Amino acid sequence: MDEKTIITPQGQQASPVAKNYAGIDEEYSSFKKAKVVVLQVPYEKTVTYKKGTVNGPAAIIDASKKMELFDEELNQETFKIGIHTMDPLAVTGLEPEEMISRVYSSTLELLKANKFPVILGGEHSLSVGSVQAFKETMPNISVLHLDAHYDLRNEYFGSKFNHGCVARRISEICPIVQTGTRSLSKEEKDFLGAQTNGSRIKTINVYDILEMPLWKDVISKSLSENVYVSIDLDVFDPSLMPAVGTPEPGGIGWYETLDLLREVSKDKRIVGFDVVELCPIKDQVASDFLAAKLIYRLLGYIFPMKK
């Protein structure tokens, strides 16, 4: 493919075509024509177990180039909506607050340009910045948070912006609905127990899912009209997704996750999403490919094309 450089209206240099998500050619990947813009945030500062999230965005982009661009479930070529890929955000070495500020500014810029942001991490703390930008432009917004961990600590390892605090910080911005969760600290348990009926946090954990046949309906009805989706890949069972920082047993499956995302996309208006916490494993690309395919399928749900 042609690897000529593209310059966006904001003056940033975009990736050459060969580095685009899904390897999409310029006809469907120019900034001007694209509905969707992929923002890569290769950040790793507060990781507390397995390292490698800094390599997550590049691994997803690389795997995405091996996908078939015809979606067999949706019977469409989703890439034709236009998907533009930005160069990775320069966040290496920044403190978490600085990184979050940079994600906020970049996301806000994309929203002002009427683009649909897809943010690839990197560690989960980046979601605070993107949610801040969405809240500023869309007051009636809530977050659907898919994660193995509750991430509700007020502070962890001396930082309120540790990846283990991301849901707590988001809940201070807007309501959040969690699902797939199955691991929390006593501090987080006590915090949830102290919440009132008007709490901005609702949790449907894996034990609820096992006992609640209509759990997807409950989640969808708990969300506001506008929804930002934050997907920590450790929400999946490690048999499907071993390449994460803290692989918790007992996660949800591929089709369960797709069913939920399909239902939410039909009932609500998904306005943006992130996929975070991929820690690529050398010579094991299944996890990378799952993340890439998940993004493509979710975009297909959000942007159904006329047959």
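The values are calculated or read from the model by the stated rules, or taken from the named source; none is laboratory data. Bear in mind that the values here come from a model prediction, so they are computed numbers and not experimental data. Backbone-built Cβ (ideal geometry, glycine too); neighbour counts: all protein chains shown.
Could you list, in sequence order, all residues of region 192-223 that are among the aromatic types (Phe, Trp, Tyr) and surrounded by 15 or more Cβ atoms within 10 Å (Cβ to Cβ)?
Trp215
Of everything in region 217-249, what is over 13 Å from Gly180 (Cα atoms), acidic (Asp, Glu) and assigned to a loop (DSSP other than H, G, I, E, B)? Give them in sequence order.
Scanning region 217-249 gives a single hit, Glu225.
Please go through region 268-285 and give me each residue that is over 24 Å from Val218 (Cβ atoms) and in a strand (DSSP E or B), ordered by number.
If the condition is that a residue be over 24 Å from Val218 (Cβ atoms) and in a strand (DSSP E or B), then Val276, Leu278, Ile281, Gln284 are the ones that fit.
Show me the helices (runs of 4 or more DSSP H) found entirely inside region 85-202 where at least 1 residues are in contact with a helix residue (DSSP H, G or I) (Cβ under 8 Å, 6 or more places away or on another chain) and small (Gly, Ala, Ser).
Where helices (runs of 4 or more DSSP H) fall fully within region 85-202 and carry at least 1 residues being in contact with a helix residue (DSSP H, G or I) (Cβ under 8 Å, 6 or more places away or on another chain) and small (Gly, Ala, Ser), they are 96-112, 127-137.
Pick from region 224-252 the residues that are in contact with a strand residue (DSSP E or B) (Cβ under 7 Å, 6 or more places away or on another chain) and more than 22 Å from Gly121 (Cβ to Cβ): which of them is surrounded by the most Cβ atoms within 10 Å (Cβ to Cβ)?
It comes out as Ser224.
Would you mind stating whether Asp288 is in contact with a Pro (Cβ under 9 Å, 6 or more places away or on another chain), in contact (Cβ under 8 Å) with a residue 12 or more places away in the chain, crowded, with 16+ Cβ neighbours inside 10 Å and part of a helix (DSSP H, G or I)?
Against the criterion (in contact with a Pro (Cβ under 9 Å, 6 or more places away or on another chain), in contact (Cβ under 8 Å) with a residue 12 or more places away in the chain, crowded, with 16+ Cβ neighbours inside 10 Å and part of a helix (DSSP H, G or I)), Asp288 qualifies.
Looking for something small (Gly, Ala, Ser) and at pLDDT below 95 - is there at least one such residue anywhere in region 163-176?
Taking every residue of region 163-176 in turn, at least one turns out to be small (Gly, Ala, Ser) and at pLDDT below 95.
Restricting attention to region 203-216, report how many residues are farther than 17 Å from Arg262 by Cβ and either in contact with a Cys (Cβ under 7 Å, 6 or more places away or on another chain) or in a helix (DSSP H, G or I) (or both).
5
Take the residues in region 181-197 that are of a type outside the set (D, E, K, R) and in contact with an Asp or Glu (Cβ under 8 Å, 6 or more places away or on another chain); name whichever of them is nearest to Ile231 (Cα to Cα).
Thr181
Residue under question is Lys293, and the condition is that it be in a helix (DSSP H, G or I), within 17 Å of the chain's Cα centre (by Cα), surrounded by fewer than 22 Cβ atoms within 10 Å (Cβ to Cβ) and of a type outside the set (A, V, I, L, M); does it hold?
When the stated conditions are applied, Lys293 passes them.
Is it the case, given these coordinates, that Arg182 is touching a Ser or Thr at 6+ places or on another chain (Cβ under 9 Å), closer than 30 Å to Trp254 by Cβ, surrounded by fewer than 24 Cβ atoms within 10 Å (Cβ to Cβ) and of a type outside the set (A, V, I, L, M, F, W, C)?
no
Report the residue count in region 253-285 for those that are in contact with a Lys or Arg (Cβ under 7 Å, 6 or more places away or on another chain) and either surrounded by fewer than 20 Cβ atoms within 10 Å (Cβ to Cβ) or among the aromatic types (Phe, Trp, Tyr) (or both).
3
Per-residue answers, yes or no, for (1) without any contact (Cβ under 8 Å) to a residue 24 or more places away in the chain; (2) more than 16 Å from the chain's Cα centre (by Cα):
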{"position": "Phe70", "(1), (2)": "yes, yes"}
{"position": "Asn75", "(1), (2)": "no, yes"}
{"position": "Pro88", "(1), (2)": "no, no"}
{"position": "Leu94", "(1), (2)": "no, yes"}
{"position": "Lys112", "(1), (2)": "no, yes"}
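Quick one: is Thr46 buried (at least 21 other Cβ atoms within 10 Å of the Cβ) and farther than 24 Å from Phe31 by Cβ?
Considered against the rule, which asks whether it is buried (at least 21 other Cβ atoms within 10 Å of the Cβ) and farther than 24 Å from Phe31 by Cβ, Thr46 comes out as yes.
In region 103-114, is there at least one residue being aromatic (Phe, Trp, Tyr) and closer than 28 Å to Ile201 by Cα?
Taking every residue of region 103-114 in turn, at least one turns out to be aromatic (Phe, Trp, Tyr) and closer than 28 Å to Ile201 by Cα.
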